[in-house]
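The values are calculated or read from the model by the stated rules, or taken from the named source; none is laboratory data. Quantities reported herein were computed from a predicted structural model and do not represent experimental measurements. Methodologically, a virtual Cβ is constructed for each residue, glycine included, from the backbone with ideal geometry; neighbour enumeration extends over all protein chains shown. What goes into the accessible areas is simple: the full protein's heavy atoms, side chains included, and nothing from ligands, DNA or RNA. Shrake-Rupley method; radii C 1.70, N 1.55, O 1.52, S 1.80 Å.
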Amino acid sequence: PESLSNLTRLKVLDVSLNYLNSTIIDGIGTLANLEILRLDNNYRIDDDGNVESIGIYGSIPDLIGNLSYLRELRMDNNFVGGSLPTTLGDLKSLITLRLESNDLHGIIPTTLSNAVNLQYLHLWSNYLSGTLNSHIGKLTQINEFFLDDNELTGTIPSQIGKLLNATYISLANNYFDGVIPSELGNLQNLEKLELHYNNLYGQVPVTLVDIPLVQLQLQGNYLYGDIPVGMCESTSMQYISANCAATRRPTPSPTSKSIGTIDTNFALPSPTASPTFEYRWSCNCCTYCFPYY
């Protein structure tokens, strides 16, 4: 209700896990002392899959940028639409931004990188489009960086290698193309990297051998060459998924060891993607294998 805007000393507003059906009032921007704002998980379905509540809907007000003390902003699992307001970048105290599983469209504003204290950025499962700007390199405190299941295009900027505190990056299920940036090898804390189902091509950069990956997902791209041998021999790696074998002549990598059981009896794809190179790809140590279609 609009009367909430009168609670100017309020520090925590948590109405998550309810059955609210409401827009976000502009007056939210008057709650200048707010530190935690949770409107998440108001979209609810029953056991039969019937919608009981569509949750929070409408757009995020620009005045949200007035909340200079805000540390946690959650609106995930609702029906929030419109675009991401550029004023999100004014939230210099923000640590957690979770807007996943909504109806957000448009680009990721470059101003978001001004929220330099962000550690958890979850924008997955929306309809965000456009490219991933090089400004993301300013988010050096990021721990979790989830942009998967959107409609993002273009290349993955090399500045992603500046997210030195990242432990989990997911860019899966988008339309990214180009090569996997070698600068990802700078991320000495990275444990999980999900790049599956994009339009990436080229080789897996050998620099990834130098980081403590536990999980790597690559399937649904157009990669060539062999998975780096050192990655197969890594003591930290537990899970690699990819389209495991595609070549005009079988060319197994004799130096790689198996992390798990694989099945390479897949139909070979017609030549596509990176046309400069003979199309050949193998991942003899993949834990999970996917066919080419």
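The set of residues in the stretch 1-34 that are of a type in the set (Gly, Ala, Ser), farther than 14 Å from residue 68 by Cα and exposed (fewer than 14 other Cβ atoms within 10 Å of the Cβ) contains only 3.
For the stretch 162-177, the condition of being of a type outside the set (Val, Ile, Thr), closer than 21 Å to residue 80 by Cβ, modelled with pLDDT of 95 or more and surrounded by fewer than 18 Cβ atoms within 10 Å (Cβ to Cβ) holds for none of the residues.
Residues in the stretch 83-93 include at least one that is on the phi < 0 side of the Ramachandran plot, under 19 Å from the mean Cα position of the chain (by Cα) and surrounded by fewer than 17 Cβ atoms within 10 Å (Cβ to Cβ). Restricting the first member to the stretch 119-144 and to residues that are touching a residue at least 40 places away in the same chain (Cβ under 8 Å) and acidic (Asp, Glu), and the second to residues that are part of a strand (DSSP E or B) and open to solvent by 30 Å² or more (accessible area, probe 1.4 Å), no beta-carbon pair is closer than 8 Å while six or more apart or on different chains. The set of residues from the stretch 120-132 being farther than 23 Å from residue 35 by Cα and open to solvent by 30 Å² or more (accessible area, probe 1.4 Å) comprises 124, 125, 127, 129, 131. The residue that is farthest from residue 58 (Cα to Cα), counting only those in the stretch 96-107 that are free of Cβ contacts under 8 Å to residues at least 40 places away in the same chain and crowded, with 18+ Cβ neighbours inside 10 Å, is 96. For the stretch 155-167, the count of residues that are in contact with a Phe, Trp or Tyr (Cβ under 9 Å, 6 or more places away or on another chain) and farther than 26 Å from residue 65 by Cα is nonzero. Consider the stretch 52-71 and keep the residues that are part of a loop (DSSP other than H, G, I, E, B) and open to solvent by less than 80 Å² (accessible area, probe 1.4 Å). The one that is nearest to residue 27 (Cα to Cα) is 61.
Select from the stretch 136-161 the residues that are open to solvent by 50 Å² or more (accessible area, probe 1.4 Å), part of a loop (DSSP other than H, G, I, E, B) and under 20 Å from residue 92 (Cβ atoms) and list them in ascending order. 140, 141, listed by residue number. Of all the criteria given as (1) surrounded by fewer than 16 Cβ atoms within 10 Å (Cβ to Cβ); (2) within 20 Å of residue 55 (Cβ to Cβ); (3) not hydrophobic (A, V, I, L, M, F, W, C), the one not satisfied by residue 43 is (1). One residue stands out in the stretch 192-215 among those that are out of contact with any Lys or Arg (no Cβ under 8 Å at 6 or more places or on another chain) and part of a strand (DSSP E or B): the one that is most open to solvent (accessible area, probe 1.4 Å), namely 201. All conditions in (1) part of a loop (DSSP other than H, G, I, E, B); (2) open to solvent by less than 10 Å² (accessible area, probe 1.4 Å); (3) within 27 Å of residue 71 (Cβ to Cβ) hold for residue 117, with the sole exception of (2). Of all residues in the stretch 31-51, those that are part of a loop (DSSP other than H, G, I, E, B) and either touching a residue at least 12 places away in the same chain (Cβ under 8 Å) or hydroxyl-bearing (Ser, Thr, Tyr) (or both) total 9. Can you find a residue that is polar (S, T, N, Q) and in a loop (DSSP other than H, G, I, E, B) anywhere in the stretch 98-109? Yes, there is a match, as at least one residue in the stretch 98-109 is polar (S, T, N, Q) and in a loop (DSSP other than H, G, I, E, B). Looking only at the stretch 180-232, residues that are without any contact (Cβ under 8 Å) to a residue 40 or more places away in the chain and of a type in the set (Ser, Thr, Tyr) come to 3 in all. When the stretch 84-97 is filtered for residues that are in a loop (DSSP other than H, G, I, E, B) and within 17 Å of residue 29 (Cβ to Cβ), the ones remaining, listed by number, are 84, 85, 91, 92, 93, 94.
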